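> Before I ask anything, let me first share the structure, which is written out below as structure tokens.
The values are calculated or read from the model by the stated rules, or taken from the named source; none is laboratory data. Note that the structure is predicted; figures quoted are calculated from it, not measured. Cβ sites come from the backbone with ideal geometry, for glycine too, and all protein chains shown count toward neighbours.
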């Protein structure tokens, strides 16, 4: 507790400075301890860099934050598209597709509806056959 008492006295004496130090320490803890950011060097075409700079100006963010946000959006979209492609080709189950896309089953269902994805491969004849077989099984 002596540290807290010292912090309190420091805060009383240097209020504004202390707030800035606290925010700085919190940011440092968030970025270094909480998130564990890894450096990544990448080369981009000049046109893409112009778009990134335009976004930094519109969003009033630094370039690293903008690139991180865009990368996250791109990865999330890639996961969704990959899951939908696998599901449509019959390579994965509905539940596995939701897992790949990092979505709940309900969210995946909504996504499939939004994008008009056809993933159930039942012809009317197949459905009728399944229904007849289920009816016969129920009678037995």
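> Answer yes if at least one residue in the range 97-109 is modelled with pLDDT of 95 or more, part of a loop (DSSP other than H, G, I, E, B) and at negative phi, and no otherwise.
Yes: the range 97-109 contains one or more residues that are modelled with pLDDT of 95 or more, part of a loop (DSSP other than H, G, I, E, B) and at negative phi.
> Counting just the residues of the range 98-122 that are surrounded by 10 or more Cβ atoms within 10 Å (Cβ to Cβ) and in contact (Cβ under 8 Å) with a residue 24 or more places away in the chain, which one comes out nearest to residue 76 (Cα to Cα)?
So, considering only residues that are surrounded by 10 or more Cβ atoms within 10 Å (Cβ to Cβ) and in contact (Cβ under 8 Å) with a residue 24 or more places away in the chain, the one nearest to residue 76 (Cα to Cα) is 102.
Let's see how each residue does on (1) outside the structural domain of residue 111 (by TED's automatic domain parsing); (2) under 24 Å from the mean Cα position of the chain (by Cα); (3) modelled with pLDDT of 85 or more:
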position	(1), (2), (3)
4	yes, no, no
50	no, no, yes
62	no, yes, yes
73	no, yes, yes
76	no, yes, yes
81	no, yes, yes
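> Further question on the same structure: Only residues that are more than 14 Å from residue 38 (Cα to Cα), touching a helix residue (DSSP H, G or I) at 6+ places or on another chain (Cβ under 8 Å) and in a helix (DSSP H, G or I): list them for the range 53-72, please.
Of everything in the range 53-72, those that are more than 14 Å from residue 38 (Cα to Cα), touching a helix residue (DSSP H, G or I) at 6+ places or on another chain (Cβ under 8 Å) and in a helix (DSSP H, G or I) turn out to be 53, 55, 56, 59, 63, 66, 70.
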